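Asks: The structure follows.
The values are calculated or read from the model by the stated rules, or taken from the named source; none is laboratory data. Every value quoted in this text rests on a predicted model; they were computed, and no experiment measured them. For neighbour counting, all protein chains shown are included, and Cβ atoms are generated from backbone atoms with ideal geometry for every residue, glycine included. Note: areas computed on protein heavy atoms with side chains; ligands, DNA, RNA excluded. Shrake-Rupley method; radii C 1.70, N 1.55, O 1.52, S 1.80 Å.
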Amino acid sequence: MAASTTRTELQQFATPARNPVLHTMWNIVRTPVGAISLAIIILLVLVAAFGPWIAPYPFTKSSIDTYQGPSTAHWLGTDNLGRDTLSRLIQGARVSIYAGFLTVTFGTLLGAIIGLVSGFAGGTTDLIMQRFVDAIQAIPALMMTIAIIAVIGPSTTNAVLAIAVFISASNSRVVRGAVFSVKENVYIEAAEVIGASPIRRMVRHVLPNVMPVILILISAGFGSAILIEGALSFLGLATQLPDVSWGIILRDGRIFMEEQPWMAFAAGSAIALAVLAFNLLGDVIRDVLDPRLRGSR
């Protein structure tokens, strides 16, 4: 009876179990930078998802209203063919989200696998895998992407695959470093002592402890993918007409920068805002998930 009473009294003071996902989301949202960044990203995703329905005009529709400045009919003006800049900007958001999602999916997944296996196996396996990574990183990212696209042809999907190759190499280095620090912990040795296989130790014990690093890489990878895709589209090596991306709008607006600056300004602002939002969100996620940085701001 006394033991039951003691257990009941202790339960009154026990802290209720918290959902780790909801708790992390709350810590992100309650910071001003995290809340604003997340709101911008959600808005960008919604614009990309419902673009065809919210765009005021078809993005390929031409008219006689060429070189029109911002007005009630065309909020961001028109280009040299009379196409609505806002509608083209909305379509460009769809391309950017598509490029960012595929790039992060392939680049982060491949980089995480390479870094996890390389860091956990060590020895000859790590040496061989990292020499391939060194060879990829020895070439500037933009030059490597241009070389790959020159071989397989320019398109949005090909540009995504080319960007993913470089991102996977850089991500593997980060994940590998995190694996090195995690696999030296006592609980990894304990799992080995009780007979856990290497794959089980790697997937069950090492991977969950490097997931915060992978999440940070995902948020930062989105911004890098949008920026590189915009640069490649600006050079004519990614998205091809009649489709449109922010890089194409920026390239077309560059010619008329002095007389009609709204074209280039709209696309440049969209790229800058999207990249900044993803990078700031990555910083907040790092601060929330890394216990060494909690309370440092």
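Asks: From the convex hull of the Cα coordinates of the stretch 168-297, what is the mean projected area in square nanometres? Before the final figure, lay out the partial values.
Replies: On the way: hull surface 45.2 nm².
That works out to 11.3 nm².
Asks: Given springs between every Cα pair under 10 Å in a Gaussian network model of the chain, which of T72, T24, T145 has the largest fluctuation?
Replies: T72
Asks: In addition: Of the accessible area of the chain, with the probe set at 1.4 angstrom, what percent is carbon plus sulfur? Before the final figure, lay out the partial values.
Replies: Details: 11220 of 16220 Å².
So the carbon and sulfur contribution to the accessible surface is 69 percent.
Asks: Can you give the charge dipole size of the chain about its Cα centre, rounded to the nearest 20 debye, using +1 on the beta carbon of Lys and Arg and -1 on the beta carbon of Asp and Glu?
Replies: On the way: 20 positive and 17 negative charges, 151 e Å.
Around 720 debye, computed over the chain.
Asks: What residue among M211, M143, M129 has the largest mean-square fluctuation in a Gaussian network model of the chain, using Cα springs under 10 Å?
Replies: M143
Asks: Could I ask something else about it? Would you compute, from DSSP H runs of 4+ residues alone, the mean residue ellipticity of the chain at 222 nm, taking -39500 (n - 2.57) per run and dividing by the full residue count, rounded to the nearest 500?
Replies: Working: 12 runs with 209 residues, N = 297.
Value at 222 nm, helices only: -23500 deg cm²/dmol.
Asks: Okay, moving on. Given Cα pairs under 8 Å that are at least 6 residues apart, what percent is the relative contact order of the stretch 63-132?
Replies: Details: 52 pairs, mean separation 11.2, N = 70.
Reported relative contact order: 16 percent.
Asks: So what does I54 come to for accessible area, using a 1.4 Å probe and Å² rounded to 10?
Replies: About 90 Å², rounded to the nearest 10.
Asks: Residue farthest toward the positive end of the dipole of the stretch 216-297, with Cβ of Lys/Arg at +1 and Asp/Glu at -1: which of M257, G247, F278?
Replies: F278
Asks: Before anything else, pin down the relative contact order of the stretch 104-172: Cα pairs under 8 Å, at least 6 apart, normalised by residue count, whole percent.
Replies: Values: 59 pairs, mean separation 40.5, N = 69.
It rounds to 59 percent for the stretch 104-172.
Asks: Over the stretch 223-269, what number does the Rg to Rh ratio reach, with both radii from the alpha-carbon atoms and Rh per Kirkwood? Write out the running numbers ahead of the final one.
Replies: On the way: Rg = 10.3 Å, Rh = 10.5 Å.
Rg divided by Rh gives 0.98.
Asks: Which order do H205, H74 take by accessible area at a 1.4 Å probe, largest first?
Replies: Result of the area sort, largest leading: H205, H74.
Asks: Another one. Given the protein chains as shown and a 1.4 Å probe, how many square angstrom of W262 are accessible, to the nearest 10?
Replies: Only protein atoms counted, so the area is about 50 Å².
Asks: A further question follows. Please tell me the relative contact order of the stretch 216-270 in percent, rounded to the nearest whole number, where contacts are Cα pairs under 8 Å and at least six residues apart.
Replies: In percent, rounded to a whole number, it is 24.
Asks: With a probe of 1.4 Å, find how much accessible area the stretch 84-234 has per residue, and write the answer as a whole number in Å². If you can, show how the numbers build up before the last one.
Replies: Working: 6750 Å² over 151 residues.
So the stretch 84-234 comes to 45 Å² accessible per residue, rounded to a whole number.
Asks: Further question on the same structure: When the Cα centres of the stretch 92-142 and the stretch 177-217 are compared, how far apart do they sit, in Å?
Replies: Spelled out, the Cα-based centre of one part sits 19 Å from the other.
Asks: Excluding S71 itself, calculate the net charge of residues whose Cβ lies under 13 Å from the Cβ of S71, where each Lys or Arg counts +1 and each Asp or Glu counts -1. Don't jump to the answer; show the numbers that get you there.
Replies: On the way: positive: none; negative: D65, D84.
Once all neighbours under 13 Å are counted, the net charge is -2.
Asks: Sort out for me the Cα centre separation of the stretch 46-84 from the stretch 222-295, rounded to whole Å.
Replies: Result: 20 Å between the Cα centres.
Asks: Rg to Rh ratio, the chain, alpha-carbon atoms and Kirkwood radius? Provide the component values of the computation, followed by the final result.
Replies: Details: Rg = 24.1 Å, Rh = 21.9 Å.
My calculation puts Rg/Rh at 1.10.
Asks: Students sometimes get this wrong: rank L86, L215, L235 by accessible area, probe 1.4 Å, all chains present, largest first.
Replies: Details: L86 40, L215 75, L235 95 Å².
Ranked list, largest accessible area first: L235, L215, L86.
Asks: With every protein chain left in place, what is the accessible area of F180 in Å² (1.4 Å probe, nearest 10)?
Replies: 70 Å²
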